Each structure stands twice: as C-alpha cells, then as structure tokens.
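Below is one structure, written out as structure tokens, with a few remarks after it.
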Amino acid sequence: MAVLLAGLMVSVGSARADITGSNPTGLWLTADHSAVIQIAACKTGLCGEIVGIHLKHPGDPMPADWQGEPQCGLKIIQTSPMINATGQTVWKGYVLDPRNGVFHPALLALDAFRRLVLHGYLLLPFLGRSQVWTAYTGPTLPNCHIPG
C-alpha cells in the first residue's frame, strides 16, 4: 500500500487544517490520496498519525505496519519548529515509513497555496524528495476508512 507518512480519532469539525497561519495542524490528505494524516501539537512540536486509509475495494483488510499491527492510529511524524532564512516556520523531524519501520529525516512547511509540503530525505535534504499534501475536508469513518 502506498501509505507512506502521520491521529487520534477526533471529530472532523475540530480537526480541520489550520490554513490561516504557519502552523499545519489539522487533517491532511497524502499526495497519493491513500491516507489522511492528523497533525496535532505534541510535547516536541507537531506529531502526525494516520486517521484514515483509502481501501481500493470494500472489504479489503486494513493495511498492517512492519510489525503486523494495523496502520490506523500509527504515529508517523514527529517534528520541532525552526525558522528558515526567509523567516518561514519549518518543522524539522522524522517521518516513519509504516511498511518497513524506517525513520527518515523530514521537513514540513506550508507553501504559498496553504498546502503542506513534506520533504523526506536521506542524510542531507538534497538527497530526498517532496510530497504536497492538501487539507482534508471529507469524513473519516470510525473504522479508519476514508471514502473515495
């Protein structure tokens, strides 16, 4: 499954993405539209957990992580804030690939269009790639499925 990257099950109305400031808290749809990640404040800065997964066929089992546990609720992002040279808040930390349990350094920031840019890398930021996530406004179902 293409679920790559950050949720407590909370009401969707209170978890909408904060697209008015530089703080990317809220619900985000991954670039491949396979998962919804809730980003919320945690003790180090921001944390992200999987709160919704798109299953290709009704009745498909919930994808499992590298330990055989369901990916729903898995914390896959942990960051701390920093200010870059342009004065923009960038969140630096780690992202977990739930398929293999490997942590990768990552940077998160909101772009000019209020989308979340997640840049995962190996060793140095130029040895990586970025994904653009969009604010998620749809429902998350109690069973962690997302329609679609």
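Quick notes on this one:
- Within region 66-87, the set of residues being part of a strand (DSSP E or B) and modelled with pLDDT under 90 comprises SER80, PRO81, MET82, ILE83.
- Counted residues, region 49-65 - those being in contact with a His (Cβ under 9 Å, 6 or more places away or on another chain), assigned to a strand (DSSP E or B) and not hydrophobic (A, V, I, L, M, F, W, C): 1
- Yes/no for VAL90 being part of a strand (DSSP E or B), touching an Asp or Glu at 6+ places or on another chain (Cβ under 7 Å) and at negative phi: no
- Residue check for VAL117: within 14 Å of the chain's Cα centre (by Cα), buried (at least 16 other Cβ atoms within 10 Å of the Cβ), of a type in the set (Val, Ile, Thr) and over 28 Å from GLY59 (Cα atoms): yes
- Odd one out for LEU108, checked against (1) in contact with a strand residue (DSSP E or B) (Cβ under 9 Å, 6 or more places away or on another chain); (2) part of a strand (DSSP E or B); (3) modelled with pLDDT under 90: (3)
- If the condition is being of a type outside the set (Val, Ile, Thr), under 20 Å from PRO63 (Cα atoms) and either within 14 Å of the chain's Cα centre (by Cα) or surrounded by 17 or more Cβ atoms within 10 Å (Cβ to Cβ) (or both), then region 91-107 contributes LEU96, ASP97, PRO98, PHE103.
- Here the condition is being under 30 Å from PRO58 (Cβ atoms) and among the polar types (S, T, N, Q); of GLN88, GLN78, GLN131, it holds for GLN131 alone.
- Residue among ASP60, ASP111 that alone is over 23 Å from CYS42 (Cα atoms), among the charged types (D, E, K, R) and surrounded by fewer than 18 Cβ atoms within 10 Å (Cβ to Cβ): ASP60
- Summed over region 111-128, the residues that are out of contact with any strand residue (DSSP E or B) (no Cβ under 7 Å at 6 or more places or on another chain) and either acidic (Asp, Glu) or part of a strand (DSSP E or B) (or both) give a count of 2.
- Against the conditions (1) at pLDDT 90 or above; (2) over 13 Å from the mean Cα position of the chain (by Cα), LYS56 satisfies every one except (1).
- Evaluation of ASP32 against (1) under 28 Å from LEU141 (Cβ atoms); (2) acidic (Asp, Glu); (3) modelled with pLDDT under 90 (one fails), failing number: (3)
The values are calculated or read from the model by the stated rules, or taken from the named source; none is laboratory data. Note that this is a predicted model, so its numbers are computed, not measured. So basically every Cβ, Gly included, is an ideal-geometry build from the backbone, and we count neighbours across all protein chains shown.
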